[in-house]
Amino acid sequence: MTAQTIRDLLPSAAGRAVIVRSDLNVPLNDGKVTDDGRIRASLPVITDLARAGAKVIVLAHLGRPNGTVVPQYSLAPVAQRMTELTDISVTLAEDVTGISAQDKAAQLEDGQILLIENVRFDARETSNDDAERAVLATEFAALAGPDGAYVNDAFGAVHRKHASVYDIASLLPSYQGALVATELNVLDRLIVDPHRPYTVVLGGSKVSDKLAVIDNLLDRADTLLIGGGMAFTFLKAQGHDVASSLLEEDQIPVVKDYLRRSEAGAANIVIPTDVIVAEAFSADAAHAVVDANAMASGPGGSDGLGLDIGPATAKLYSQHIEASSTVFWNGPMGVFEMENFAGGTYAVAKALTNVQGLSVVGGGDSAAAVRALGFADEDYGHISTGGGASLEYLEGKALPGIDALAR
Ligand code: ADP
Ligand code: MG
């Protein structure tokens, strides 16, 4: 069964309390929102419901307060930013399902928005105990009353079996939000009948984080370009001395198996031919471009750390990317947080903007990288709001928050 969507709900939303689970997990600094991308992405569903006359109750989490009230993780700055971004004022409840939430939900009028305090202040939200989560879900549903409805628009959280994501969906008529629908739609185009050539660019720190994705995409993509810290496990598996670069020795057999599958007709796996090696893991460390087979002879010798793909590799990867009709990129090519080691990530980010077709950026650090390097969201076909969720979907895993809506 497929889920009902927000469009099915809007005509009957007037006068009803509608609980919307949103992903408002944004970075904060000094109590101010530093990147409001997720708030902007969540507002359309919330404001559409309010304009349709619903009493909108928003559930969201922020950071990992681990089930206790941590003032630093209050959603107050988020409520303020939401108010700045819309003409509808947003009230914040001071607790999750306590007196404040109950009173404010009861007083809510048609067209108003109430944001409930960080749901992860309540330990039951993320509990492994089904019964504990079910009780919290019942308390959430009670905030909406007998005529309530539930919308899940929190794509970044749909891979979690949490009370506000999963359990609540069995208690109220449930609908898929527009952001979730968009994300799934784009990700489906990476799995089902992608336009070819289809290139996947994978980087980031550890290969062990991305094994299941590589496994699944090896049989779907035409080319896999490997960069970032994980490249060194591939280089080592090919017999290179990677000096002191990030290496996951225990993953070498798995990586060798991927390389064998590639040879046998799966996606073409491309690994760096040159790398930037540094003397130390620091922004101003001495560094040099070396061939992939000469890493131990860069500055620092056998202590050399590979911190970025080299310029020849960056050029080769860019050519692959620009010649593709579908590109999915997850994981920076190097330690992009340090300017000297951001070149590979910049080249890939730039090449993706030139793709004639669908370009998708997934992964929290990758999305942060493209913004930090000065690219705009509009330069890409899609920047996923959910790193973990998008990877799990591409791995072919079931997403509890999505499945719960279709029951
Ligand atoms: P994403 O969040 O996009 O999925 P990851 O979390 O897997 O990406 O990895 C991001 C991190 O990988 C960045 O902080 C970056 O500094 C680090 N990284 C990239 N290349 C290397 C490298 N060669 N050595 C060590 N760390 C690296
Ligand atoms: Mg990350």
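The values are calculated or read from the model by the stated rules, or taken from the named source; none is laboratory data. Just so you know, these numbers come straight off a predicted model, no measurement behind them. Note that we place each Cβ from the backbone using ideal geometry, even for glycine, and neighbour counts take in every protein chain shown. Quick note on the areas: whole protein, heavy atoms, side chains included, nothing else; ligands and nucleic acids left out. Shrake-Rupley method; radii C 1.70, N 1.55, O 1.52, S 1.80 Å.
Based on the alpha carbons, how large is the Rg to Rh ratio for the range 278-346 when Rh follows Kirkwood? Could you put the intermediate results ahead of the total?
Numbers: Rg = 13.2 Å, Rh = 12.9 Å.
That ratio equals 1.02.
The range 347-407 and the range 162-233 have Cα centres lying 8 Å from one another. Close amide H pairs (under 5 Å, H built 1.01 Å from N) link residue 269 with 224, residues at least 5 positions away or on another chain.
Would you mind checking the pairs 32/55; 161/206; 104/161; 161/350; 236/350 and listing those with alpha carbons more than 31 angstrom apart? The answer is 161/350. Think of it as helices only: each DSSP H run of n ≥ 4 in the chain is worth -39500 (n - 2.57), and spread over all residues that comes to -10000 deg cm²/dmol at 222 nm.
For residue 315, which aspartates and glutamates qualify as cross-link partners when the Cα separation must be under 12 Å and same-chain residues fewer than eight apart are set aside? Of all the aspartates and glutamates, those that pass the test against residue 315 - Cα under 12 Å, at least 8 places apart if same chain - are 274.
Among 167, 95, the sequence by solvent-accessible area, most first, with a 1.4 Å probe is 95, 167.
Of the solvent-accessible surface of the range 2-79, computed with a 1.4 Å probe over protein heavy atoms with every protein chain present, carbon and sulfur atoms account for 48 percent.
Ignoring ligands, DNA and RNA, what percent of the 1.4 Å accessible area of the range 306-355 is carbon and sulfur? Kindly include the intermediate steps, with their values, before the conclusion.
Working: 830 of 1620 Å².
Roughly 51 percent, rounded to a whole number.
Note on the range 93-247: Cα-only Rg and Dmax are 22.0, 68 Å.
May I ask for the Kirkwood hydrodynamic radius of the range 157-299, worked out over all distinct Cα pairs and given in angstroms to one decimal?
Computed over Cα pairs of the range 157-299, the Kirkwood hydrodynamic radius comes out at 17.8 Å.
Tilt of helix 130-144 relative to the longest C-alpha principal axis of the chain, in degrees (0 to 90, nearest 10)? So the inclination is approximately 50 degrees.
Taking every Cα-Cα distance in the range 75-149 and sorting them into 10 Å bins starting at zero, the pair-distance distribution P(r) comes out as 19, 46, 30, 6, 0 percent.
The distance from the alpha carbon centre of the range 277-298 to that of the range 1-78 is 45 Å, rounded to a whole number. Along the range 117-123 the Karplus relation, 6.51 cos²θ - 1.76 cosθ + 1.60 evaluated at θ = phi - 60°, assigns HN-Hα couplings of 4, 2, 4, 7, 6, 9, 4 Hz to successive residues, with x for each Gly and Pro. Ligands, DNA and RNA aside, residue 195 has an accessible area near 130 Å² when probed at 1.4 Å. The ellipsoid equivalent to the alpha-carbon distribution of the chain has semi-axes of 43, 22, 19 angstrom, derived from the gyration tensor eigenvalues as √(5λ) and listed largest first.
Surface analysis of the range 81-226 yields an accessible area of 39 Å² per residue, using protein heavy atoms and a 1.4 Å probe. Among 136, 113, 70, whose Cα sits farthest toward the positive end of the charge dipole of the range 26-163 (+1 at Cβ of Lys/Arg, -1 at Cβ of Asp/Glu, about the Cα centre)? Most positive-ward Cα: 70.
The rule of thumb for compact globular proteins, 2.2 N^0.38 Å, goes into the C-alpha radius of gyration of the range 270-407 1.19 times. For residue 274, the residues whose amide H sits under 5 Å from its own are 292, 310, 313, ignoring neighbours fewer than 5 places away on the same chain, with H placed 1.01 Å from N.
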